[in-house]
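The values are calculated or read from the model by the stated rules, or taken from the named source; none is laboratory data. This structure is a prediction, so every number in the text was calculated from the model and none was measured. Virtual Cβ from ideal backbone geometry, glycine too; neighbours counted across all protein chains shown.
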Amino acid sequence: MFFTILSVSSISGQLENFSNPIVFHVTNASLKATEVRELKQTPNGLYFIASAGGLIESNGVKHFTYNKGKLSNLIAIHALNDSIIYSGGNGGFGRWEKTAFGEFTYESLHYVAPTKTDYLQPRFTDVVLHNDQIVFQSLDYLYYHDLATGALVNQKAKTYFTNIFKTKNHLFSSDFDNTIFKIENGEERRVLSWAITPMCFFAAVIPSAIFRYKVVVLL
């Protein structure tokens, strides 16, 4: 697999020339990653990638991978800025912070280790920022990490959380029955069920303004 990064800016992320975009072609091999799962861009133009081998930081030309052993099988990330990245993956989730030396260190916020009797670990497949909290989603739980206090609380799903997504002011989840729920005050309120065209609702509730990346094409 490879993906193309089309940018209307310089590597530093400043809009300089709309007529001459910079195009980078990046492959798994060049990233030294067996599997790329999510990509986010920060306002200064840096790209952060969740991969099976850890957190990848890239400017489109140079790539750096940060690994924390069994805690680094990442599935989803949220870039709070270019120095603090929250990630979810197999078994748990945590926080990456850039040191004064320019390297990222990892702090685990929650991890469930496999045991001989229960080797299945939770998979945290979505990470979003909502109301000054980082929300981590697995099939069974949402975990809310308060940015101000560091407190961590969880919310159990009525059935399952297959994914979460948000508008400017609201957080939504869906389940295996194609039902959309609005999440408010730790409660799920049904918004809509569909049978044929889920993207119609998705397009209606998700304004284009939330897509803050420059143009990224996955192939």
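Output the number of the condition that Ile5 fails; it satisfies all remaining conditions of (1) of a type in the set (A, V, I, L, M, F, W, C); (2) within 14 Å of the chain's Cα centre (by Cα); (3) at pLDDT below 85.
(2)
In the stretch 109-139, what count of residues is obtained for those that are of a type outside the set (Val, Ile, Thr), part of a strand (DSSP E or B) and touching a residue at least 40 places away in the same chain (Cβ under 8 Å)?
Step one: list which residues in the stretch 109-139 are of a type outside the set (Val, Ile, Thr), which gives 109-111, 113-114, 116, 118-124, 126, 129-133, 136-139.
Those still in the list that are part of a strand (DSSP E or B) too: 109-111, 123, 126, 129-130, 133, 136-137.
So of that shortlist, the ones also touching a residue at least 40 places away in the same chain (Cβ under 8 Å) come out as 109-111, 123, 126, 129-130, 136-137.
Residues flagged as of a type outside the set (Val, Ile, Thr), part of a strand (DSSP E or B) and touching a residue at least 40 places away in the same chain (Cβ under 8 Å) within the stretch 109-139 amount to 9.
Checking Leu139 against (1) closer than 23 Å to Phe176 by Cβ; (2) surrounded by fewer than 13 Cβ atoms within 10 Å (Cβ to Cβ); (3) of a type in the set (A, V, I, L, M), which test does it fail?
Exception for Leu139: condition (2).
Just the residues that are surrounded by fewer than 19 Cβ atoms within 10 Å (Cβ to Cβ), among the small types (Gly, Ala, Ser) and over 25 Å from Ser138 (Cα atoms), please, taken from the stretch 55-82.
Gly60
With the structure loaded, tell me whether Tyr106 is at pLDDT 85 or above, surrounded by fewer than 16 Cβ atoms within 10 Å (Cβ to Cβ) and in contact with a helix residue (DSSP H, G or I) (Cβ under 7 Å, 6 or more places away or on another chain) or whether it fails that test.
It is false that Tyr106 is at pLDDT 85 or above, surrounded by fewer than 16 Cβ atoms within 10 Å (Cβ to Cβ) and in contact with a helix residue (DSSP H, G or I) (Cβ under 7 Å, 6 or more places away or on another chain).
Mind listing whichever residues of the stretch 140-179 are without any contact (Cβ under 8 Å) to a residue 40 or more places away in the chain and of a type in the set (Phe, Trp, Tyr)?
Tyr141, Tyr144, Tyr160, Phe161, Phe172, Phe176
Which of the residues that make up the stretch 166-194 are of a type in the set (Phe, Trp, Tyr) and surrounded by 11 or more Cβ atoms within 10 Å (Cβ to Cβ)? Can you show your working first?
Taking the stretch 166-194 and keeping what is of a type in the set (Phe, Trp, Tyr), we get 172, 176, 181, 194.
Passing the criteria: Phe172, Phe181, Trp194.
Contact list please: Cβ distance under 9 Å, first residue in the stretch 74-95 and within 19 Å of Ala151 (Cα to Cα) and polar (S, T, N, Q), second residue in a loop (DSSP other than H, G, I, E, B) and at pLDDT 95 or above, pairs at least six apart or on different chains.
Note: pairs meeting the criteria are Ser87/Phe124.
Where in the stretch 147-219 are the strands (runs of 3 or more DSSP E), entirely inside, with at least 3 residues that are over 19 Å from Ile134 (Cβ atoms), among the charged types (D, E, K, R) and modelled with pLDDT of 65 or more?
187-193
Go through (1) farther than 17 Å from Phe93 by Cα; (2) in contact with an Asp or Glu (Cβ under 8 Å, 6 or more places away or on another chain) and name the single condition Lys168 misses.
Checking Lys168 against (1) farther than 17 Å from Phe93 by Cα; (2) in contact with an Asp or Glu (Cβ under 8 Å, 6 or more places away or on another chain), the one that fails is (2).
Thr65 fails exactly one of the following numbered conditions: (1) within 30 Å of Lys156 (Cβ to Cβ); (2) assigned to a strand (DSSP E or B); (3) not small (Gly, Ala, Ser). What is the number of that condition?
(1)
From the set of residues in the stretch 58-103 that are modelled with pLDDT of 95 or more and among the aromatic types (Phe, Trp, Tyr), which is farthest from Phe48 (Cα to Cα)?
Out of the qualifying residues, it is Phe93.
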